[in-house]
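Asker: Pasting a structure below so you can have a look.
The values are calculated or read from the model by the stated rules, or taken from the named source; none is laboratory data. In this text the structure is predicted, and so the values were computed from the model without any measurement. Neighbour counts run over all protein chains shown; Cβ positions are idealised from the backbone, glycine included. The area values use the complete protein model at the heavy-atom level, side chains included, leaving out ligands, DNA and RNA. Shrake-Rupley method; radii C 1.70, N 1.55, O 1.52, S 1.80 Å.
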Amino acid sequence: MVIIASVFVFIIAVIFRLLDNSAKLFISNGISVSPFYLSAETVIEEMNKLDDEKLKQKLKRNLLYQKLHKLFTILSIITLLVGIGLEIYKPELIHLF
């Protein structure tokens, strides 16, 4: 059952990744960016150059989404490994099918 929970945690991580649209925000405001997935350092560096407070708030929210994406991705990997370990130690998922 823990393995199934890791899939749900991974889905939450993907949702936060999809919510992060910092590259779109830069491009829509006339700022050229090369990679689609911008690192937090790049976003912070570009934020320091901006004067638009509304855009800065949106970028800060996107930085939060990036951090949550990384957190939930790590949690899903840990949950998957724990689930595999539990299934080896005490197989329950096999008996469900």
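Asker: Can you find, among V9, N29, I77, the residue sitting farthest towards the positive end of the charge dipole of the chain, where Lys and Arg contribute +1 and Asp and Glu -1 at Cβ?
Answerer: N29
Asker: Can you tell me how region 41-97 classifies by the Cα gyration tensor, rounded, prolate or oblate, using a/c under 1.5 as the rounded cut?
Answerer: Numbers: a/c = 8.50, a/b = 4.31, b/c = 1.97.
Taking the square roots of the gyration eigenvalues as a ≥ b ≥ c, region 41-97 is prolate.
Asker: Moving to a separate point now. Provide the per residue accessible area, probe 1.4 Å, for the chain, rounded to a whole number of square angstrom.
Answerer: Values: 6860 Å² over 97 residues.
Using a 1.4 Å probe on heavy atoms only, each residue of the chain averages 71 Å².
Asker: Semi-axes of the equivalent ellipsoid of the chain: what are they in whole Å, largest first, if each equals the square root of 5 times a C-alpha gyration tensor eigenvalue? Before the final figure, lay out each step's value.
Answerer: Values: eigenvalues 303, 22, 18 Å².
Working through the eigenvalues yields semi-axes of 39, 10, 10 Å.
Asker: Between L64 and M1, take the C-beta separation as r, use R0 = 41 Å, and let me know the FRET efficiency to the nearest 0.05. All intermediate terms of the calculation are to be shown ahead of the outcome.
Answerer: Details: r = 30 Å, r/R0 = 0.73.
With R0 = 41 Å, the Cβ-Cβ based efficiency is 0.85.
Asker: Where nothing but the Cβ of Lys and Arg (+1) and of Asp and Glu (-1) is charged, how large is the charge dipole of the chain around its Cα centre, in debye to the nearest 20? Spell out each step's value before the answer.
Answerer: Working: 11 positive and 9 negative charges, 34 e Å.
Roughly 160 debye for the chain.
Asker: Something else: Can you give me the span-like helices of the chain, meaning DSSP H runs with 18 Å or more of Cα extent along the axis and Kyte-Doolittle mean at or above 1.6? Each step should come with its number before you reach the end.
Answerer: Values: long enough: 2-19 (26 Å, 2.98); 53-89 (54 Å, 0.36).
Helix filter hits for the chain: 2-19.
Asker: Could you check how much of the accessible area of the chain is carbon and sulfur, as a whole percent, using a 1.4 Å probe? List each step's numbers first, then the result.
Answerer: Working: 4760 of 6860 Å².
Within the chain, the accessible surface is 69 percent carbon and sulfur.
Asker: Report the FRET efficiency, 1/(1 + (r/R0)^6), for I77 and E41, where r is their Cβ-Cβ distance and R0 is 22 Å, rounded to 0.05. List each step's numbers first, then the result.
Answerer: Numbers: r = 23 Å, r/R0 = 1.05.
So, using R0 = 22 Å, E works out to roughly 0.40.
Asker: Also, I was wondering about something else. Given labels modelled 7 Å from the Cα in the Cβ direction, how far is it in nm from K90 to F8?
Answerer: It works out to 1.9 nm between the two label points.
Asker: Check cross-link reach from K60 to the lysines: straight Cα distance under 25 Å, and skip same-chain residues fewer than eight apart.
Answerer: K24, K49, K70
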